[in-house]
Amino acid sequence: MRTKECPSCAMEVDAKSKECPICQYEFAYVSTGYKWIAILLIIIMLIYLFL
Ligand SMILES: [Zn+2]
């Protein structure tokens, strides 16, 4: 069974499930690449804050 990490509670859940069985987080139909873009934006924002 393939699993994916819930971005809300960080638990491994079934990759096919539409929502997290633990915290009811609804998985959007986006690739994991989207998460990295968000992290990158946060890092860029932090750099600007500290400059
Ligand atoms: Zn969850």
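The values are calculated or read from the model by the stated rules, or taken from the named source; none is laboratory data. Keep in mind it's a predicted model, so treat the numbers as computed, not measured. Reconstructed Cβ throughout: ideal geometry from the backbone, glycine too, with neighbour counts over all protein chains shown.
Per the conditions (1) within 16 Å of the ligand (Cβ to nearest atom); (2) loosely packed, with under 11 Cβ neighbours inside 10 Å; (3) at pLDDT 90 or above, the sole criterion not satisfied by Ala28 is (3). Taking every residue in segment 1-19 that is without any contact (Cβ under 8 Å) to a residue 40 or more places away in the chain and pairing it with any residue that is surrounded by 12 or more Cβ atoms within 10 Å (Cβ to Cβ) and of a type in the set (Ser, Thr, Tyr), at least 6 positions away or on another chain, the pairs with Cβ-Cβ distances below 6 Å are Cys6/Tyr25; Ser8/Tyr25; Glu12/Thr3; Ala15/Thr3.
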